[in-house]
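Contents: one structure, followed by commentary.
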Amino acid sequence: MRQINKAARHTTGRLLSIRKVGTYFHLVLQAEGIAEGAKPGNFIALSVGGDQSSMLLHRVFAIYRSRQDPSHGAVIELIVARSGKGSDWLVAQSEGTLLKITGPLGTSFPLPADPVNVAIVGGGYGAAPLFDLADHLKARGCRVDAIIGAATSSKVFAPLEGKRTVNSVTVTTDDGSAGIQGRVTDVLPEIITRQRIDLIYSCGPMAMLRAVDDIARSLSIPHQVSVEEAMACGVGICMTCVLPMMRGDKVKMVRTCIEGPVIDGEEIAWDEVAR
Ligand SMILES: Cc1cc2nc3c(=O)[nH]c(=O)nc-3n(C[C@H](O)[C@H](O)[C@H](O)COP(=O)(O)OP(=O)(O)OC[C@H]3O[C@@H](n4cnc5c(N)ncnc54)[C@H](O)[C@@H]3O)c2cc1C
Ligand code: FES
């Protein structure tokens with residue numbers, strides 16, 4: 001059984017900036033002791049609602065980027081979608097608010113030893129951690145082609161600096177308001193063939209991850225998936241985040257906050273996921 005990420009720490013960090021990016025919010029948080037150990041794919045848990053709140057459960061967010069800021073030291077950046085009470089509270093906070101943060105949590109994207117051709121496939125805000133990953137892949141000499149999908153143009157997350165990092169960006173939207181009308185999986189097979197893709201990383205809604213994994217399996221391409229199961233504690237205690245995974249020839253329920261969120265697509269028992 002894996003233990004909680006050994007680099008994980010608790011800290012109280014100041015919200016340094018918050019701005020709107022399409023329908024999302026880009027947050028920069030001071031995270032001394034957390035940002036330094038963060039790797040692409042890790043996430044953090046935040047307490048929401050303030051000290052008197054009835055919202056006892058932490059909310060977890062993928063780390064979009066971690067870096068050293070010349071004025072504020074170690075910082076992490078998040079991309080947050082408003083989707084309930086906790087995220088509504090978070091994005092309503094003003095600069096200077098102090099937040100309780102635990103992280104970095106979970107597994108990170110494993111990096112290839114050789115400079116291979118990589119596709120990163122992101123859905124909605126799930127694209128955010130993939131751009132940090134792309135920086136690391138490029139530093140290893142990999143070619144990186146990004147396929148970014150969303151329901152509509154305001155939900156496409158493809159920042160300018162991220163677009164500059166990768167070799168190409170293909171955008172798809174369900175309603176055709178940006179890029180190609182359709183889904184990421186409509187364009188993925190052609191890109192795999194054209195760019196001779198050796199390895200796929202994906203992050204986004206579960207249905208998208210499964211559809212990408214079907215393609216990856218059919219073409220025998222390794223696929224690393226960042227899953228997003230509901231998490232109530234984020235640190236291995238509550239079991240809300242379990243996902244059916246293959247362990248030998250048996251299916252076992254595994255905590256994705258500890259053994260994930262980044263998992264080899266082959267290990268997930270997709271047929272059992274919806275049950
Ligand atoms: C690994 C991971 C990465 C994520 N990254 C991002 C990200 O980068 N950006 C982003 O916007 N969102 C992200 N999410 C989703 C985020 O954690 C929240 O689920 C989402 O913001 C909705 O939370 P809310 O507080 O707004 O909604 P609410 O409806 O207030 O709360 C939903 C959250 O509380 C938990 N919860 C509430 N009640 C219960 C209960 N009774 N039992 C168990 N759990 C309960 C759920 O797990 C869920 O996380 C991520 C989730 C995971 C698992
Ligand atoms: S979120 Fe509680 S065990 Fe994983």
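No lab work stands behind these numbers, since they all come straight from the coordinates. All of these numbers come straight from a predicted model, not from anything done at the bench. For neighbour counting, all protein chains shown are included, and Cβ atoms are generated from backbone atoms with ideal geometry for every residue, glycine included.
Summary table
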quantity	calculated
Hz values of 3J(HN,Hα) by residue in segment 5-22 - Karplus curve (6.51, -1.76, 1.60), Gly and Pro given as x	2, 5, 7, 5, 9, 9, 8, 10, x, 8, 6, 8, 7, 9, 8, 7, 10, x
Backbone N within segment 28-72 under 15 Å of label point (7 Å from Arg14 Cα along the Cβ vector)	28-32, 69-72
Rough spin-label spacing in nm, given labels placed 7 Å along Cα→Cβ, for Lys6 and Ala113	2.1
Karplus 3J(HN,Hα) series, Hz, for segment 159-173 with 6.51 cos²θ - 1.76 cosθ + 1.60 (x for Gly, Pro)	x, 4, 5, x, 5, 5, 5, 8, 7, 8, 10, 10, 9, 10, 10
Amide H contacts under 5 Å for Met253, placed H, 5+ residues apart	Met245
Amide H within-cut-off set for Asp174, under 5 Å, with H built and near neighbours excluded	Ala150, Ala151, Thr152, Gly182
Filter on Lys20/Lys85; Lys39/Lys138; Lys100/Lys163; Lys85/Lys163 - keep pairs with C-alpha separation over 26 Å	Lys100/Lys163; Lys85/Lys163
Full-extension gain in nm, Asp175 to His136, via 0.36 nm per residue minus C-alpha separation	10.8 nm
Cut-off under 5 Å, modelled amide H: who pairs with Cys241 long-range	Ala232, Thr256
Selection from Gly73, Phe43, Ala31, by position along the positive dipole direction of segment 1-77 (Cβ)	Phe43
Helix-only CD estimate at 222 nm, as mean residue ellipticity for the chain, using -39500 (n - 2.57) per DSSP H run (n ≥ 4)	-5500 deg cm²/dmol
The chain, relative contact order [Cα under 8 Å, separation at least 6], %	17
Gaussian network model of the chain, springs between alpha carbon atoms under 10 Å - residue of Pro222, Pro70, Pro115 with greatest fluctuation	Pro70
Integer Hz, Karplus 6.51/-1.76/1.60 couplings in order for segment 48-53, x for Gly and Pro	10, x, x, 5, 8, 6
Calculated Rg and Dmax of the chain using C-alpha coordinates, Å	18.0, 55
Förster-model FRET efficiency, 45 Å R0, Arg247 and Ser83, C-beta, rounded to 0.05	0.90
Rg followed by Dmax, in Å, when segment 9-105 is reduced to its Cα trace	12.2, 36
Charged-residue dipole, Cβ positions (Lys, Arg, Asp, Glu), segment 9-105 about Cα centre, Debye nearest 20	220
Cubic angstrom per residue, convex hull over Cα atoms of segment 117-273	120
Among Val212, Ile148, Leu15 the positive-end extreme of the charge dipole of the chain (Cβ point charges)	Leu15
Rounded to 10°, Cα long-axis angle of helix 128-139 versus longest principal axis of the chain	60
Computed E for Ala207/Lys100 - FRET, C-beta separation, R0 35 angstrom, nearest 0.05	0.60
Translational D in µm²/s for segment 208-275 (Stokes-Einstein at 37 °C, 0.692 mPa s, Kirkwood Rh from C-alpha pairs)	267
Helix 184-194 vs. the chain, principal-axis angle (Cα, 0 to 90°, nearest 10)	50
Between helix 206-218 and the chain: long-axis angle, C-alpha atoms, 0 to 90°, nearest 10	30
Calculated P(r) of segment 109-207 - Cα pairs past 17 Å, %	45
Cβ-based net charge around Val91, under 13 Å, with every Lys or Arg adding one and every Asp or Glu removing one	+3
Surrounding net charge for Ile197, when Lys and Arg each add one and Asp and Glu each subtract one, Cβ distance under 12 Å	0
